[in-house]
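Enquirer: Input: one structure, supplied below.
Bear in mind that the values in this text are calculations on the coordinates, not laboratory data. Fair warning: this is a prediction, and the values are worked out from it, not measured in the lab. Quick reminder, even Gly has a Cβ in these numbers, built from the backbone with ideal geometry, and neighbours come from all protein chains shown.
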Amino acid sequence: MLKTLTLIVSGLNPLRAGGEAGATQWPQLARLAGRGSVSKRPIDARQDALHAAILDALQLHDVADKYPSAAVVRTGLTGERAGGFWLRAQPIHFAAGLDRLTTVPLHGQARMSIAERNSLAPTFADHLQSTGFELHDGADGEWLLRSEAPLQVQTVTPEFAAANPAEHILPSGRDAGGLRRLMTELQMLLHEHPVNSQRQLRGLPALNAIWLHGEGMLSDVSAHASAQALPVGCGDDVYLRGIYRLHDRPVQPQPADAASLLSRISGPTLACIDEGRVEALEGQWLAPLSRALMSGAIARLTVMFDGWQVITDRAAMFKLWRRDLQPANWAAC
């Protein structure tokens, strides 16, 4: 069986990690891109970039509506199929400008901590009792909301809202009015909450709004991908784990480095890693994977970032006349 690897990297976007000044930081990635191919992947306004990459890697992009973000995340967190209608409730920061509010998604240290979530949860849970929603812990500094009854709404991700402030970004659809009101009410609960006073002292942006998105409920997915069609999966991402759980397939833990990952590959493999350091990605992952391509230990390597992918096979690695292609120059391709 052909040994291929798709590596999805979350927490790091090479087009925003240094730009022209940081081009020399990417010798391995630039070599893979120059000798192989690099392309931009379109991401729907309703899709989280990481979740879109996972769906693309699993060839499920055309049936993305069968894998709604919040319900799949819930499945990945609990290991049980999520029943009911689910939404992601993601704390964000609204920055006031001269003529509009700017949506600022929170990443890394700026995300809501577990302690902050525990402090805010009782207030939110009490308020939600009269709304038809239940509050549940989510992943990566957010909550999940569950409704027994399905809602007819369409939402966009906070990343899309941040990048497209002039577009229609608030929930739309038959039941959107109630959802908009709920977002306003939750925003009022956050106003002057002690959590934000403490964040200000630490130099962190306030959690002053809750963005609701990732809506949907699970349906039968057996007709769209059989268990045999999914590659071996590795990673700790809960959305990845949720998809595999829906197909009764296990997911191996995130490998510590490329050497650990390579020891597991016996056929098509998908690995999702959370790596926010350029040096670690280059040295612990891309360098040994490049050597594995050269030696024939793997036949093809696909590296996926937010909206971009680099594909290189073993034959391409021997095209020594091809020049390296730094991430800063990808957009010109």
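Enquirer: If the Cβ limit is 6 Å and pairs must be 6+ apart or interchain, which residue in region 280-309 that is of a type in the set (Lys, Arg) pairs with which residue that is not in a helix (DSSP H, G or I)?
Expert: Short answer, once both residue conditions are applied: ARG300/THR4; ARG300/ASP313.
Enquirer: How about region 214-333: which helices (runs of 4 or more DSSP H) wholly inside it have at least 2 residues that are in contact with a strand residue (DSSP E or B) (Cβ under 9 Å, 6 or more places away or on another chain) and within 15 Å of THR6 (Cβ to Cβ)?
Expert: By residue number, 238-246, 258-262, 287-295.
Enquirer: Kindly check whether there is at least one residue in region 220-241 that is under 23 Å from SER130 (Cα atoms) and either surrounded by 13 or more Cβ atoms within 10 Å (Cβ to Cβ) or acidic (Asp, Glu) (or both).
Expert: No - not one qualifying residue is present in region 220-241.
Enquirer: Can you work out which of the residues in region 129-149 that are touching a residue at least 40 places away in the same chain (Cβ under 8 Å) and closer than 13 Å to GLY178 by Cβ is surrounded by the most Cβ atoms within 10 Å (Cβ to Cβ)?
Expert: The selected residue is LEU145.
Enquirer: Could you look through region 76-134, keep only residues that are assigned to a strand (DSSP E or B), touching a Leu at 6+ places or on another chain (Cβ under 9 Å) and not hydrophobic (A, V, I, L, M, F, W, C), and pick out the one that is farthest from LEU170 (Cα to Cα)?
Expert: This residue is GLU134.
Enquirer: Of all the residues that make up region 135-152, how many are over 22 Å from ALA206 (Cα atoms) and either charged (D, E, K, R) or not in a loop (DSSP other than H, G, I, E, B) (or both)?
Expert: Residues in region 135-152 being over 22 Å from ALA206 (Cα atoms) and either charged (D, E, K, R) or not in a loop (DSSP other than H, G, I, E, B) (or both): 3 in total.
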